[in-house]
1. State the extension gain, in nm to one decimal, for the chain segment bounded by A:D383 and A:I608, taking 0.36 nm per residue of separation less the distance between their alpha-carbons.
2. Tell me the label-point distance for the pair B:F59, B:E335, using the 7 Å Cα-to-Cβ offset, in nm and rounded to one decimal.
3. What pairs in A:K339/A:K463; A:K32/B:K220; A:K515/B:K188; A:K215/A:K235 have C-alpha atoms more than 20 Å from each other?
4. Taking every residue in A:545-558, how many Cβ atoms of other protein chains lie within 10 Å of its Cβ, on average?
5. Can you tell me the orientation of helix B:154-201 relative to chain B, as the angle in degrees between its alpha-carbon axis and the longest Cα principal axis, to the nearest 10?
6. Of the listed peptides A:169-180, B:87-98, what is their order by residue-averaged count of other C-beta atoms within 10 Å, with the highest listed first?
7. Any idea what the dipole of the stretch B:2-312 comes to, in debye rounded to 20, about its Cα centre with Lys/Arg Cβ at +1 and Asp/Glu Cβ at -1?
8. Per residue, what accessible area does chain A have, given a 1.4 Å probe and all protein chains present, in Å²?
Amino acid sequence: MPGPGMRRGMPKGKRIENPGKVFKRLMKYVAKNYAPHLVLTAVLILISVLANVQGTLFIQSLIDDYIEPMLVADKADFGPLAGAIARVAGFYLIGVAAAYAWNRIMINVTQGTLRNMRNDLFSHMETLPIKYFDTHAHGDIMSTYTNDTDTLRQMISQSMPQVFNSFITIVSVFISMVVLSIPLTLVTLVMIAVMLVVTKKVAGLSSRYFLEQQKNLGKVNGYIEEMMNGQKVVKVFCHEKESIEEFRALNDALYESADKANYLVNVVGPVNMQLGNVSYVVCAIVGGALALSGMTGLTLGKLASFLTFNKSFNGPINQVSQQFNSIVMAMAGAERIFKMMDEAPEVDDGYVTLVNVREEAGKLVETPERTGRWAWRHEHQADHSVDYVEVRGDVVFDGVDFGYNDDKMVLHDVKLYAQPGQKIAFVGSTGAGKTTITNLINRFYDIQDGKIRYDGINVNKIKKADLRRSLGIVLQDTHLFTGTVMENIRYGKLDATDEEVVAAAKLANAHGFIKRLPEGYDTVLSGDGANLSQGQRQLLAIARAAIADPPVLILDEATSSIDTRTERIVQDGMDKLMAGRTTFVIAHRLSTVKNSDCIMVLEQGRIIERGTHDQLLEEKGKYYQLYTGNAIAN
Amino acid sequence: MIKTLAAHIKEYKTASIITPVFMVLEVVFETLIPFLMASIIDDGVEAGDMHHIYVVGAFMIGAALCGLFCGVMGGKYGARASTGFARNLRQAMFDNIQTFSFASLDKFSTAGLVTRLTTDVTNMQMAYQMMLRMCFRAPVSMICAMAMAFMINAKLASVYLAAVVLLGIVLAFIIRGAMKYFQEAFPKYDELNASVQENVSAIRVVKAYVREDYETGKLKKASQGIYDIFLKAEKQVVLNMPVMQFTVYSCILLISWLGAKQIVQNTLTTGELMSLLTYCMNILMSLMMLSMIFVMMSMSIASARRICEVLEEKSDLTNPENPLYEVPDGGITFEHVRFSYQKESDEAVLHDINLQIMPGETIGIIGGTGSAKTSLVNLISRLYDVTQGAVLVGGHDVREYDLETLRNQVAVVLQKNVLFSGTILENLRWGNADAGEEECRRVCRLACADEFIEKMPEGYHTYIEQGGSNVSGGQKQRLCIARALLKKPKVLILDDSTSAVDTATDARIRKAFAQEIPDTTKLIIAQRISSVQNADRIIVMDDGRISGFGTHEELLAGNEIYREVYESQTSGGGDFDEKAGEA
């Protein structure tokens, strides 16, 4: 495995540090692209709520102003009522249109924000240093894209408008209630206060159990993941009974907390609803008494209206309290998303760039066309004079110290010198630091002390993108991308023609098997090239490096998981690829490295032996032991 | 499918029955309230009868309290039934997975099993709770409200009936349209996630080729695709809202108009009109709820199906009726063994294998990738059953042994091996739960694991992280070997288990085996010739057949494949090769 071991990411269900700040930032993020939409939505929600309120008000006038007069009149005249209904219908239609409009707009806002967020998150992720990926569990990174954006969708599309809607409803209903009857409003408010207190109590209790449930769920899921991964080992060791018992204990604990948490969440709804009903009854009794006494000018129609308001007042409060949970969850998700967006990107203050050159009168001249000759364009910071250094693949390590963490050095005082076209091999046991060295050449990691020079230029001065463009790399784990074989090879050089791709495949000895694939070069690879064998994937990776045509190649255990017979074919392709390039080879199999110009034997981050194969065998040191397998007990 | 799932409700049957009962009762009380409300206005307020208001008001409070009680109970038992059901499902799946044969495990894949045990169970829990609490509540609420409305005034109530039918039809159309798009959208969504996943794991390649912008462009296109399709789907869903509002408003206005006429004609009271208007909301909200339940349920069907697949999977490897509990010795015999991973498939992985291995022999196995080395050894501990022929251990067919006995006596160190979170000692004791610390140290010495364990600050009590991420590949392999040795098996199989161990250590382990456990039959699969050349005999596998079986010298002389592999690994030098050849 390359790099240091993975560390588990943040545990889920942790408390949010500052929900207010996260919310503000989220709002700002949404508003960045959709500010007019949000304003328009707010206006439309206002209109739709008002349309609804005027409808409720109409029910008041229905009895008092239209039905009652008709009851006392000699001959009922339905004209005014018809007019009123037509008017209300008109407002209702506007309300319906507004409701549709804001819902429709919010789709764009929600989906658009999610799209932007995915894009931003992804493009930011691409700038993060390798260290980030080595120190964060890939599952946690993925869950930011899946679970966390999902909770946000809920929140933006439902909770936010809901809460705003409820807020406006509450305010407008409140005003209407005050207009209708102040004493009854006070009664309603008292009941609301009771509801809020109860909700808060229950919510507090339930959030405690919810945290416990999340914790237990995490444990259960962790156990499941671990056991499913090791299921075959469980079988081989007949450990089934033990794992069932262990799982039962965790599963029961989860049930206990989930039962309580869900119970309490379920209770909030009925409690609020029935308290609302009680509030309704109390208002009816008080209102009835007031109407009968005739003291406050409360009419029967007004009482009826008020009771409708009372009901529509309880509704939104109930809704807001039910949205509470999903808002909390969305905030936790948003926090993780923003945390990833805040991760510091790879620093790159290199200013030496890679350019195409042409030779004119013995001097290198920069040219925009692809000449196949490359040079480093070195603009000196002092006097802004520009130098061109031809790219040759000359790599020097001078006293390099490196550690993945500052407190633990992995490489000590590494010195090495690779001349253009040479093949340099690294051997040594696992953990000796072979992969680490290659991680430094392309600056996946930066060194603590010492210097690395590339064609005489300190690599720190070279722009990272240009540095990497000049280095080809074939890794132990061949990662291919979803797409055709053609696309995968072309990954090394995006503007390569089909002929160039075929030529590269031929060079890597991949052409033969590609032609035998059902669709040849157009065969679609999926899931990391799972439909190909290890060796075939390796050959594609080599072809991919070949088409990039870099002056320096890094082969990190490129053939270790291929059997030796297949390796011969791969090796053949690699030998062709390596011809004329500076190559760094890491290998387990000593047969792969034997013909190197120089072999470095690494142990515990130090180069302990160096020389050609024959020289090292002469020395009868570590290399000799490794090669012959005759270790001298130490 | 429903039968399979329902079988796991078990002790939560009562809760599952009580919940809808309480929910229905809650609805009844809720429906009663507007009815009582009408009575307060008509007979109390209008008649100026304060006493009536108190009496009916008291009834209403009573009804609300009963409603509250039912609601709380419904919530309580609903939570119990659904979380309990989820617990049973999880446990039943986990239990059943423990009985899975390797063939079943291959079929489902690790990720597939994890999703089923986690996300799918959560989906089922939510769907079940929804079903218990809402599935009965919503229709009953609608029927109750409708009945009350008809009781008050059948003529006006028929307006609702018409509205319900109309709205139902429209909703059905909208949902069908939306579902179509959602079904299109979900695979796209999976694709997007897959592409992110690909990038996270292949980040070194992306960065090495400086393809960050290229990848970002690709993702932007994919996320735009999702945006487009979700927009289409949501556009349909969003029609729900105005249609619903329009129906409610129409009903209110229609009832107001017709109600006013009836009041004037003295066939309706104002109180009754108010009640009718309240029921209007109840009826249409219930319908809305039903349509939501429908969507939720149809989305959870996929989860239910996936869970059932696991529950219904039966292991084809079962204990015989009168199993043998003793393995006499470590001799292994293959008699005309033919094996294929799929029963029906004609493509055999192993063809007519015949082998005779003596107890205590050390056998090396070598061959190219895909030559069926692993398949061959997997038959010995009966991880798979042969398709034809028989595998004998200690003179008996492996199918005659008790599975646990056989697997304890035939220890396999798998190619893809796993350590579990826990201390090193705990991990070792998987091999033998009762092993003392001294015994654990002994096997670690055998596997050359003692050297690095003792260098660790906490030694044998060092905590291994999940998946063994805090030890190197070679260390992991050595721990796995030690764990298997703790079983004191009669047969030990190492399936490419020292590939990450350096050659020198590899040699020391083999030497220790030869000296310390001479009576154990040892089968060693390896890529390196040096790992097998000292074995008593070596099997050369080629494309599911045994191409050669003999000593190093015999094979070198008579087997072309072996010679080829040997030369590819040792050729190129001068004197040195001869020396290696003599060894």
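The values are calculated or read from the model by the stated rules, or taken from the named source; none is laboratory data. Model, not experiment: these values are computed from the prediction. Using ideal geometry, Cβ is built from the backbone for each residue, glycine included, and neighbour counts are taken over all protein chains shown. What goes into the accessible areas is simple: the full protein's heavy atoms, side chains included, and nothing from ligands, DNA or RNA. Shrake-Rupley method; radii C 1.70, N 1.55, O 1.52, S 1.80 Å.
1. 76.7 nm
2. Between B:F59 and B:E335, the simple spin-label model gives 8.7 nm.
3. A:K339/A:K463; A:K515/B:K188; A:K215/A:K235
4. Details: counts 2, 0, 0, 3, 0, 2, 0, 0, 0, 1, 0, 1, 0, 0.
Mean shielding by partner chains, rounded to a whole number: 1.
5. Value to nearest ten degrees: 20.
6. For the peptides A:169-180, B:87-98, the packing ranking is B:87-98, A:169-180.
7. Working: 26 positive and 22 negative charges, 195 e Å.
Rounded to the nearest 20 debye, it is 940 debye.
8. 42 Å²
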